[in-house]
Amino acid sequence: MNNKEQERLQKVIANRGGASRRATEKMIEAGKVKVNGVVVTQLGTKVDVDAEITINDQPVIDNKEKYYFLFNKPRRVISTMYDPKKRKIVADFFQDVEARVYPVGRLDYDVSGLIIMTNDGDFANFVMHPKYEFLKTYQALCDGPVSKEQIRNLLKGVIIDEDYKTSAVTARMANYNKERNHSIIELTIAEGRKHHVKKMLAAAEIQLLKLKRTQIEFLTDEGLEVGEYRSLTPHEIKRFYGIYHAVKRKGD
């Protein structure tokens, strides 16, 4: 009889700081997670909280100390902790960090900008959850002029993924370079579907050349060069939890 405390595998990994619950679920289904040397692919499997767990044969060790970083991801870097194609990944920039930190959400390979890195599974879980609608701001370099009507369409809402209507919280023309015939538009969204901003721009018939995320809620890229990261302050972490608790109270 097993008298040890047990929890769902994805929760144990998240609590140890191995990955967020969502990311863990994908890795379990892909057969990348082993418990005591045995591959587990069934979501919801309960394991001993002190079980030996590996992801891609790398041990997931319980890190008592929690780490939170704001990272300015370069383009052509994968927002995962492992890439079978051996491309550069976000983990490569955190080799000097004692804990195994992982990205909160993702940025496409060809998109630069801000992403939060942490080993706090609960924090990552609610920041990624669509219920809390954390705002993200992007700057898009576009080919040709962007009309006022196209900006209005982004604000009124466009159809992506065949039948899903989505709109920008804010959208504006930031600059137009007549010589290069390039526009820069800035838009803020509260959602996060795959390729969300790219699909919105395409639906508004705006030709995207380059995209970067410049802000996550109150966190900006000011003073943070591409490829650099900094620790979140205790006050910044509390502000995220403040938003989380406010939304949760409103929903109760």
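The values are calculated or read from the model by the stated rules, or taken from the named source; none is laboratory data. What you are looking at is a predicted structure, and each value in this text was computed from that prediction instead of being measured. Heads up, the Cβs are rebuilt from the backbone with ideal geometry, glycines too, and the neighbour counts pull from every protein chain shown. Keep in mind that these areas ignore ligands, DNA and RNA; they rest on the heavy atoms of the full protein, side chains included. Shrake-Rupley method; radii C 1.70, N 1.55, O 1.52, S 1.80 Å.
One residue stands out among those in the stretch 203-252 that are of a type in the set (Val, Ile, Thr) and open to solvent by less than 80 Å² (accessible area, probe 1.4 Å): the one that is modelled with the lowest pLDDT, which is 247. Out of 229, 241, I need the residue that is of a type outside the set (A, V, I, L, M) and over 16 Å from the mean Cα position of the chain (by Cα). Which one? Just one listed residue meets the conditions, 241. Close Cβ contacts (under 9 Å, 6 or more residues apart or on different chains) running from residues in the stretch 149-161 that are without any contact (Cβ under 8 Å) to a residue 24 or more places away in the chain to residues that are among the charged types (D, E, K, R) comprise 157/165.
Tell me which of these residue 179 doesn't satisfy, since it passes every other one: (1) exposed (fewer than 13 other Cβ atoms within 10 Å of the Cβ); (2) in contact (Cβ under 8 Å) with a residue 40 or more places away in the chain. Going through the list (1) exposed (fewer than 13 other Cβ atoms within 10 Å of the Cβ); (2) in contact (Cβ under 8 Å) with a residue 40 or more places away in the chain, residue 179 breaks only (2).
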